[in-house]
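This structure is in structure tokens; I'll ask about it shortly.
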Amino acid sequence: MSAFLFDEHHAAFRQSVHRFSQDKLAAGYLERARSTAFFWDVYRLLGEHGLLGLGVSEANGGQGADLIAVGIACEEVARADFNVAFAMFNSAIAGGMLERNLQPALRAEWLPGLISGELLTGLALTEPDSGSDAQAMRTRATKVDGGWLLNGEKTSASLAAHAHGLIVFAKSSPERTSREVTAFFVPLDAPGVTRRPFDDTGFRPIGRAAVSFEDTFVSDKHLMGEIGRGFPMVLGEFDYTRALLGLLTIGTAMTAIDLTVEYAKKREAFGQPIAKFEGVTFPLAEHATYIEGVRWLCHHTLALRQAGLPHTKEAAMIKWWGPRTAVQAIHDCIVLHGHVAYSEDLPLQQMLRDVSGLEIGDGTPQIQKLIVAREIFGREYLPYSRA
Ligand SMILES: Cc1cc2nc3c(=O)[nH]c(=O)nc-3n(C[C@H](O)[C@H](O)[C@H](O)COP(=O)(O)OP(=O)(O)OC[C@H]3O[C@@H](n4cnc5c(N)ncnc54)[C@H](O)[C@@H]3O)c2cc1C
């Protein structure tokens, strides 16, 4: 706890989310994580506790939480259930994006359901032939009378298997060489939409899916923000999502460490608790140190964003370092448990699989290091820049 960042409201909020997560979520993590069904009952419970409206202002029925509080919620819920925390994280991001970019009538149609946990949305940028190089997307939006026709395929969109709506990015200029990208909010019951869920190794209830659009009509009121401003919109969100995803991954890793500390105190070898051996305690001491470092970088980044200060570099640092730190910590926790952790009876293997998805999702380590390097060296030293 630090007086310099967290005030007494943050401390009280952390305590209440911690209590809720441990009482209502922790025990059901493994069962939910193994299923491909979405946890609607738990999701509605989050809504009842005000945890799905964190990214929406009070004027529009949300909590209007500050960014530090959103980070605290991500960390605390992830300590109990990584996947539930991801869905909550998504609601904070989607709620904010829809509130800022949708026209009032559509906002009124969607925001109450998102906040109560009746409706779910996702974001679709990635395509089969373009992930890191998102500008190379092929999905097209063609202007027609009263709206737009969408054609193309998105892939790997989190929650898309269960979602009611999707924020879709598409090329919107008739010129085929144009880089103009526009965002649309697409109800997934629109004609011409097909979904194919992935059989994921972790992240299972989240329902990552490919979604294709064949002459899918959306009206002009489904335009998000201005025509051609889709890319700055999504890049600005990444600087926020990366700080929250860092907290999600290390929140889960902290629980793995807690479990391992307890186990090491009880498990005996050579006549002593294994917690007496430095070979057991030092790796945990090191992981706890790295995790604390990531944790403060996340909150620092959220504080910079809250203050309107630049934070792209810090967000990219988190996105490569946080998931990797969490994966390595959980991996060592498995080894320190011995054979009992090589089984699905304990949650550690599941935690590893769940967290490792975020090494890739929202941008790979390589792309994050390119961003950090760009911020340090200057844009002219990017591999694609011409001298
Ligand atoms: C769990 C999960 C959730 C996801 N959720 C979403 C979502 O909700 N919405 C969405 O739109 N997408 C989502 N994604 C997709 C994700 O954003 C992409 O997978 C990611 O951006 C990488 O794209 P790619 O898989 O096409 O890999 P590619 O871009 O094909 O990259 C392949 C490899 O090449 C490396 N590489 C590429 N370019 C360079 C370069 N210039 N220098 C060095 N290395 C490079 C990459 O780092 C990677 O290791 C999700 C992915 C996962 C795993």
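Can you find a residue that is more than 30 Å from Ile257 (Cα to Cα) and part of a strand (DSSP E or B) anywhere in the range 103-118?
Narrowing the range 103-118 to residues more than 30 Å from Ile257 (Cα to Cα): 103-118.
Right, trim to part of a strand (DSSP E or B) and you get none.
The answer is no; no qualifying residue exists.
Phe6 versus (1) within 30 Å of Asp199 (Cβ to Cβ); (2) surrounded by fewer than 22 Cβ atoms within 10 Å (Cβ to Cβ): which is the lone unmet condition?
That leaves (1) as the condition not met.
On to the next question. Residues that are among the aromatic types (Phe, Trp, Tyr): which strands (runs of 3 or more DSSP E) entirely in the range 181-256 hold 1 or more of them? Please lay out each step first, then the result.
Working: elements: 181-187, 193-197, 209-219.
Result: 181-187, 209-219.
Please return the ranges of strands (runs of 3 or more DSSP E) entirely within the range 126-172 where 3 or more residues are out of contact with any Leu (no Cβ under 9 Å at 6 or more places or on another chain). Full working, then the answer.
Values: elements: 140-144, 147-157, 165-171.
The strands (runs of 3 or more DSSP E) meeting that bar are 147-157.
Sticking with this one: Do we have any residue at all in the range 196-207 that's more than 11 Å from Leu150 (Cβ to Cβ), in contact with a His (Cβ under 6 Å, 6 or more places away or on another chain), touching a residue at least 60 places away in the same chain (Cβ under 8 Å) and buried (at least 18 other Cβ atoms within 10 Å of the Cβ)?
So the first thing to find is which residues in the range 196-207 are more than 11 Å from Leu150 (Cβ to Cβ), and the list is 196-207.
In the following step, the residues that additionally are in contact with a His (Cβ under 6 Å, 6 or more places away or on another chain) were identified as 207.
Going one step further and asking which of them are touching a residue at least 60 places away in the same chain (Cβ under 8 Å), we end up with 207.
If we keep only those that are buried (at least 18 other Cβ atoms within 10 Å of the Cβ) too, we end up with 207.
Among the residues of the range 196-207, at least one is more than 11 Å from Leu150 (Cβ to Cβ), in contact with a His (Cβ under 6 Å, 6 or more places away or on another chain), touching a residue at least 60 places away in the same chain (Cβ under 8 Å) and buried (at least 18 other Cβ atoms within 10 Å of the Cβ), which makes the answer yes.
Take the residues in the range 356-384 that are under 19 Å from the mean Cα position of the chain (by Cα) and among the acidic types (Asp, Glu), then tell me which one is nearest to Gly322 (Cα to Cα).
So the residue we want is Glu359.
Can you tell me which residue among Leu114, Leu150 is surrounded by 23 or more Cβ atoms within 10 Å (Cβ to Cβ), assigned by TED's automatic domain parsing to the domain that holds Ala65, among the hydrophobic types (A, V, I, L, M, F, W, C) and away from the ligand (no atom under 13 Å from the Cβ)? Steps first, please.
Details: Leu150 fails: assigned by TED's automatic domain parsing to the domain that holds Ala65.
Being surrounded by 23 or more Cβ atoms within 10 Å (Cβ to Cβ), assigned by TED's automatic domain parsing to the domain that holds Ala65, among the hydrophobic types (A, V, I, L, M, F, W, C) and away from the ligand (no atom under 13 Å from the Cβ) holds for just one of Leu114, Leu150, which is Leu114.
The values are calculated or read from the model by the stated rules, or taken from the named source; none is laboratory data. In this text the structure is predicted, and so the values were computed from the model without any measurement. Glycine also receives a Cβ, built like all others from the backbone with ideal geometry; neighbour counts cover every protein chain displayed.
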